[in-house]
Amino acid sequence: MNEDRYIVFDHYLQDELSVEDKVKFENQLAEDPELASAFEIFKELNLHLENKFGNADEFNAFKENSKSISNDHFKASKPKTKVIGFKPWIYLVAASVVVLLGLFLFNPKPNFEDFNQHENAYFTERGAVDEKLKQAEDAFNAKNYKAAISFFKAVLKEKDTPEIHYFYGISLLETNEIQEAEVVFNELKAGTSIYKNKAIWNLALAKLKQKDYKSCKEILLTISSDYEDYEQVQELLKELD
Amino acid sequence: MANNAIHPDQIYIDGLANNNSAMIQSIYKKFVPKVVTYIRNNSGDEDQAQDVVQEILILLFNQAKVNKLQLTCPFDAYFFLLCKRKWLNELKKASNKGVTIREDFASNNEPSDEMVTQTEAFEEKQQLFDAMFKKLGDKCQELLKLSFTLKSMEEVAEKLQVTYGYVRKKKSLCTGQLTQWIQETNRFKSLKIT
């Protein structure tokens, strides 16, 4: 092998020859086609090796990227059976992730409307017919809460019982006068009437209606298990979790 | 030749060279379906079409990187012809002749023919270079690899624990060895590689 020739090639490409040697070399190239062809190959080899090794990272990135674009392109047009046959566990994992995400993002929170089945009011069973109270009762039982509120307000001026307060509170809650409703229920909660636990339950419902699930749960947990509708409390707690 | 002005479709070549995903996707969208149809109509299936397309894209990437590939014809015709000829060669190989098709384009003289010829010559050259590289001894292979991976020949010398002068000389001689083998092959094949 003509070693010197290749050393000169390299020096020339690195621009390390003296002006004199450079001219001499270029003249040789012009006169000797065999030398010129060897030099051309030598030059091209440098480009080729530069690309093969120097650009290896770029090349691998291109290979990977184009492969994944290719897979996306061809996956879309391939029959489904083929797709499923290809690593089915990936799809299982993907499906699980979707389900889990769904549980996190779209976990159906309980609605106020699922738990606001209030008992009917029966104020008038004890004989003496109070006209206003009767109207309030009828309006309440007909779920006409707006009307019920004005009747209750009138009644409460003369008659102030936990029972009336309780139904008045529910009417307020149903018409979205939540703050006022909470005042009423908190008074009942502070008292000792049989409406104590029911009031707490409704305080929880007030939070539920405002989608304040955390407070709702906190309130529910304060209701003692001897509350007559404790089943509902448990059901709502379960749905909140 | 009529003219060598760069065709506007050069954007696809540049897109490949820059690993531009949007461009690659648009190549798949616009030009690949035709190739798939052709291969399916010529005893191939979609998987084979996918491989052919990928091989051609890699070839174009390399050619763009090494030779600054300049497109002088529409990408569509050029790309389709490359894929088509690659596929026909695969079929030919499969029919165990082991000889690649070398049809000439003399008859139709489309502007894309010259581009395709260039690209196929590049591929052939690249394959020859790679094959010769594998014939080199381990030391030459390692030194050349490091020469083009590391930033300077000083670093190569340090890495190999030899002198700078030695790695410079050795690099010239290893590349010289490759040059000599390729020249001999060219003479033998009487193929003009450069």
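The values are calculated or read from the model by the stated rules, or taken from the named source; none is laboratory data. Computed from a predicted structure; not experimentally measured. Glycine also receives a Cβ, built like all others from the backbone with ideal geometry; neighbour counts cover every protein chain displayed.
Within the range B:135-170, being within 21 Å of A:Y12 (Cβ to Cβ) and outside any helix (DSSP H, G or I) holds for one residue alone: B:S152. So which of A:N60, A:N55, A:N46 ends up being at the interface with chain B (Cβ under 9 Å from one of its Cβ atoms), at pLDDT 85 or above and more than 23 Å from A:R5 (Cβ to Cβ)? Testing whether each residue is at the interface with chain B (Cβ under 9 Å from one of its Cβ atoms), at pLDDT 85 or above and more than 23 Å from A:R5 (Cβ to Cβ) leaves just A:N55. Residues that are closer than 15 Å to A:A206 by Cα and in the same structural domain as A:K209 (by TED's automatic domain parsing) do not occur anywhere in the range A:146-155.
Counting residues that are within 19 Å of A:Y122 (Cβ to Cβ), which helices (runs of 4 or more DSSP H) fully inside the range A:140-241 reach at least 3?
Details: elements: A:145-158, A:162-174, A:178-190, A:196-209, A:213-220, A:230-240.
Hits in the range A:140-241: A:145-158, A:162-174, A:196-209.
Which of the residues belonging to the range B:165-176 are touching a helix residue (DSSP H, G or I) at 6+ places or on another chain (Cβ under 8 Å) and either of a type in the set (D, E) or surrounded by fewer than 21 Cβ atoms within 10 Å (Cβ to Cβ) (or both)? Matches in the range B:165-176: B:Y166, B:R168, B:K169, B:K170, B:L173. Whenever a residue of the range B:51-66 is touching a residue at least 40 places away in the same chain (Cβ under 8 Å) and more than 9 Å from chain A (Cβ to nearest Cβ), its partners that are part of a helix (DSSP H, G or I) and among the hydroxyl-bearing types (S, T, Y), lying with C-beta atoms within less than 6 angstrom and at least six residues away or across chains, give the pairs B:Q63/B:T119.
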